[in-house]
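**Student:** Input: one structure, supplied below.
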Protein chains: 2
Amino acid sequence: MTTLTDTPDRRQAAPMAPTVVQIALGDRSYPILIGAGLLADPATWAPQANRKSVALVVTNTTVEPLYAATLAQALSPHFTRVRTLALPDGEVHKDLANLNLIFDELLGQEADRRTVLYALGGGVVGDMTGFAAACYMRGVPFVQVPTTLLAQVDSSVGGKTAVNHPLGKNMIGAFYQPRQVVCDLAVLDTLPDREMSAGLAEVIKYGASIDIDFLGWLERHIDALRARDRAALAHAVKRCCEIKARVVGADEKEAGLREILNFGHTFGHAIEAGMGYGAWLHGEGVGCGMVMAAALSARLGLVDEAFARRIESLVARAGLPVRGPASLAPGRYLELMRVDKKAQGGDIRFVLLTGEGHATVRTAPEAAVVDVIAALTAA
Amino acid sequence: MTTLTDTPDRRQAAPMAPTVVQIALGDRSYPILIGAGLLADPATWAPQANRKSVALVVTNTTVEPLYAATLAQALSPHFTRVRTLALPDGEVHKDLANLNLIFDELLGQEADRRTVLYALGGGVVGDMTGFAAACYMRGVPFVQVPTTLLAQVDSSVGGKTAVNHPLGKNMIGAFYQPRQVVCDLAVLDTLPDREMSAGLAEVIKYGASIDIDFLGWLERHIDALRARDRAALAHAVKRCCEIKARVVGADEKEAGLREILNFGHTFGHAIEAGMGYGAWLHGEGVGCGMVMAAALSARLGLVDEAFARRIESLVARAGLPVRGPASLAPGRYLELMRVDKKAQGGDIRFVLLTGEGHATVRTAPEAAVVDVIAALTAA
């Protein structure tokens, strides 16, 4: 891992030239553009231009009034027409019934195989739009336009798309790569603080489990990031995308290495599902889940207790919960984890730290898992 | 194309050694096994064996009482347990709601990524099971066990999976290859005559548009095929799979060449959709659609009228309709064709004959299309 230089903590008012991180996947390769003001610039959207076809912007009812008209305006020179569809906001709506609204719109517009879908929103919009693009006529192009920090650093990159099922999160989906990812840092100015913290959970994940130098940088810049310092955001988004690009390029379909990116997610998914989708944000579950996974790693003697406490401290400074909900018993976690897709033949697999900035995927004794959850559950 | 020797017309009572046709798609390659009695033989199913996981047989309520127990018995040595799910029978049930029944069963069984799905039935079961396998946890292995002639020669091979939408057929789906296709000729003994004829439509398709020698063989053996002569069936299924293997190997995702396999389908889909899914069988639509496509080809001067009449005669001898339904006006065909996925930017594309055993994909003047439909509509 290369050493990272620190970035000064000051908000930049002037537009920044976009940084490009390339995802290398052969004929499915694509660029991630990172910068401020990209969304409103028609030049951003030229690569997918097709004057014989339709563009469909899929967004949610929260983001639509903020950015949908701006994006549609910037896309309009490139397509016959641009349509916008706003889905209900929230993880609880990430299901087959709402997915079908996208198909209804596409078929109502007689959209053909050249239609381009634009996912304007957070992870839910990105996952649903990407899955709809994967399935519509067995595959049409799509572009990710993430408007949350979490989506910019994680969910919009790598081609994992899905919807939820009442019995499990992301159970129905596809590996389907976007043609382009556009991370406009300016849109983070309108992101609620709670969503900002949720995004920081995934940012911390990269540092804790993969890049110890980046973890050190985060400890120095966590306050600047929460304050939306644009230079700090630019560095964090770029570094996360670089790490994710490397991991996804080596393991597109999560045969092994890519599972490392699920650090904190086995516990986190159990909290999300156990509390009902939407009660805890995905990033909140991951934040608390990382604290539990770090503690389990220490409990099994894989890392020092001090490193686990260091993770907990940074998660807390990011404004995230570090204790599981009082209403969720340890045994319920186990039930929920067994049905999670990381389970293989009934054995629950955890991403565990094996050092500072290193992780592996393995099983753990159930008694240790239960003890750790119990110790980290709110009174 | 190699010249084919004729096969004697006699039903064989003794078991036949399976013939293997290989689909060459790199790491997605798979074998098609063709023979009698394969379904009940545990050896057939050894390649996907996983004693740590579950097998799910997806079938329909018509096929279940005939073959599900036999297949489950033959699979049982290879898996922890074998479950069977019977979906309602018919094209009208090929939708997202019924697809979700497969996910409900998989999640209810806590099925993991090593679960193998077996599609035991016709094209509807194969399309739905394949699409469910493509989506469940973003992809689990599946095996096609086609029980109709149509599925054996066409829909089970090539990896096209989908469900219908109220506004269009096969609009929601994936390209997803099975691990194995098992064509047991013995199961065709219980196939209703109407389904047998529907399957012959796809068989004739290969001859008319790709392999003129095979068309000649079919003209000599059409009665033997309708009578379920096993040697004739073995030859026809093998020849169709060989042709399809070659076309799919050259164009997995239907970028061009593979569209030739849609000969008769543009008209056929319009009839199916216009009459309501299930009123006409898919193969009946294709049969009548080939007569229309051949007539349109002759009308545009691409082939002789005599060849178009030769196609019509063979379609009629196969027990298929050669006239469109009286209740479907030519203008309605055009509306339905425009939303069909072969439409690109509003232009309707037809697979047209350019010679005996040769075809191409192109547009046609609407007036000629309307004339041909009108001339070939039942009084």
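**Student:** Which is open to solvent by less than 10 Å² (accessible area, probe 1.4 Å), at pLDDT below 95 and not acidic (Asp, Glu), of B:199, B:173, B:158?
**Tutor:** Checking each option against the conditions leaves just B:158.
**Student:** A follow-up question, please. Kindly indicate whether residue B:312 is charged (D, E, K, R) and at pLDDT 95 or above.
**Tutor:** Judged against the criteria, residue B:312 is a match.
**Student:** With respect to residue A:71, is the statement that it is under 22 Å from residue B:172 (Cα atoms), crowded, with 17+ Cβ neighbours inside 10 Å and modelled with pLDDT of 95 or more true?
**Tutor:** In short, no.
**Student:** Only residues in region A:105-124 that are at the interface with chain B (Cβ under 9 Å from one of its Cβ atoms) count as the first member; pair them with residues that are in a strand (DSSP E or B), Cβ under 6 angstrom, at least 6 apart or cross-chain, and list the lot.
**Tutor:** A:106/A:136; A:107/B:165; A:107/B:168; A:112/B:344; A:114/A:50; A:114/A:53
**Student:** Sticking with this structure for a sec: Being of a type outside the set (Phe, Trp, Tyr), over 19 Å from residue A:361 (Cβ atoms), open to solvent by less than 50 Å² (accessible area, probe 1.4 Å) and not in a helix (DSSP H, G or I) is true for just one of A:239, A:228. Which residue is that?
**Tutor:** Answer to the check: A:228.
**Student:** Another question, then. Would you be able to say whether some residue in region A:120-143 is out of contact with any Lys or Arg (no Cβ under 6 Å at 6 or more places or on another chain), among the polar types (S, T, N, Q) and under 21 Å from residue A:50 (Cα atoms)?
**Tutor:** yes
**Student:** Provide a single number: the residues in region B:126-168 that are farther than 15 Å from residue B:179 by Cβ, within 11 Å of chain A (Cβ to nearest Cβ) and in a loop (DSSP other than H, G, I, E, B).
**Tutor:** 4
**Student:** Still on this structure, please answer the following. Of the residues in region A:289-310, how many are under 19 Å from the mean Cα position of the chain (by Cα) and not small (Gly, Ala, Ser)?
**Tutor:** 2
**Student:** Could you check how many residues of region A:117-131 are of a type outside the set (A, V, I, L, M) and open to solvent by less than 10 Å² (accessible area, probe 1.4 Å)?
**Tutor:** Adding up the residues that qualify gives 6.
**Student:** Looking at residue B:265, is it open to solvent by 20 Å² or more (accessible area, probe 1.4 Å), away from chain A (no Cβ under 14 Å), under 15 Å from residue B:203 (Cβ atoms) and of a type outside the set (Ser, Thr, Tyr)?
**Tutor:** Considered against the rule, which asks whether it is open to solvent by 20 Å² or more (accessible area, probe 1.4 Å), away from chain A (no Cβ under 14 Å), under 15 Å from residue B:203 (Cβ atoms) and of a type outside the set (Ser, Thr, Tyr), residue B:265 comes out as no.
**Student:** If you take the residues in region B:86-116 that are within 18 Å of residue A:339 (Cβ to Cβ) and not in a helix (DSSP H, G or I), which one is most open to solvent (accessible area, probe 1.4 Å)?
**Tutor:** Result: B:110.
**Student:** Within region B:257-268, is even one residue at pLDDT 95 or above, farther than 30 Å from residue A:130 by Cβ, in a helix (DSSP H, G or I) and in contact with an Asp or Glu (Cβ under 7 Å, 6 or more places away or on another chain)?
**Tutor:** no
**Student:** Cβ contacts < 8 Å: first residue closer than 19 Å to residue A:138 by Cα and open to solvent by 60 Å² or more (accessible area, probe 1.4 Å), restricted to region B:326-349; second residue part of a loop (DSSP other than H, G, I, E, B) and modelled with pLDDT under 70, any location; separation 6+ or different chain. Result?
**Tutor:** Hits for this filter: B:338/B:346; B:349/B:342; B:349/B:343.
**Student:** Right, another one. Can you find a residue in region A:47-60 that is over 30 Å from residue A:275 (Cβ atoms), surrounded by 17 or more Cβ atoms within 10 Å (Cβ to Cβ), in contact with a strand residue (DSSP E or B) (Cβ under 7 Å, 6 or more places away or on another chain) and within 12 Å of chain B (Cβ to nearest Cβ)?
**Tutor:** yes
**Student:** Turning to a different aspect of this structure: Looking at A:213, A:189, A:223, which is the one that is surrounded by fewer than 23 Cβ atoms within 10 Å (Cβ to Cβ), free of Cβ contacts under 8 Å to residues at least 60 places away in the same chain and over 30 Å from residue B:101 (Cα atoms)?
**Tutor:** A:189
**Student:** Within the group A:90, A:123, A:130, which residue is within 27 Å of residue B:252 (Cβ to Cβ) and within 17 Å of the chain's Cα centre (by Cα)?
**Tutor:** A:130
**Student:** Here is a further query. One residue is enough: does region A:62-83 have a residue meeting the conditions more than 14 Å from every other protein chain (Cβ to nearest Cβ) and assigned to a strand (DSSP E or B)?
**Tutor:** yes
**Student:** Within the group B:308, B:298, B:294, B:318, which residue is open to solvent by less than 40 Å² (accessible area, probe 1.4 Å) and in contact with a Lys or Arg (Cβ under 8 Å, 6 or more places away or on another chain)?
**Tutor:** B:318
**Student:** If the Cβ limit is 7 Å and pairs must be 6+ apart or interchain, which residue in region A:234-256 that is within 14 Å of chain B (Cβ to nearest Cβ) pairs with which residue that is open to solvent by less than 20 Å² (accessible area, probe 1.4 Å) and in a helix (DSSP H, G or I)?
**Tutor:** From residues that are within 14 Å of chain B (Cβ to nearest Cβ), the pairs are A:248/A:258; A:251/A:258.
The values are calculated or read from the model by the stated rules, or taken from the named source; none is laboratory data. Every value quoted in this text rests on a predicted model; they were computed, and no experiment measured them. Neighbour counts run over all protein chains shown; Cβ positions are idealised from the backbone, glycine included. Note: areas computed on protein heavy atoms with side chains; ligands, DNA, RNA excluded. Shrake-Rupley method; radii C 1.70, N 1.55, O 1.52, S 1.80 Å.
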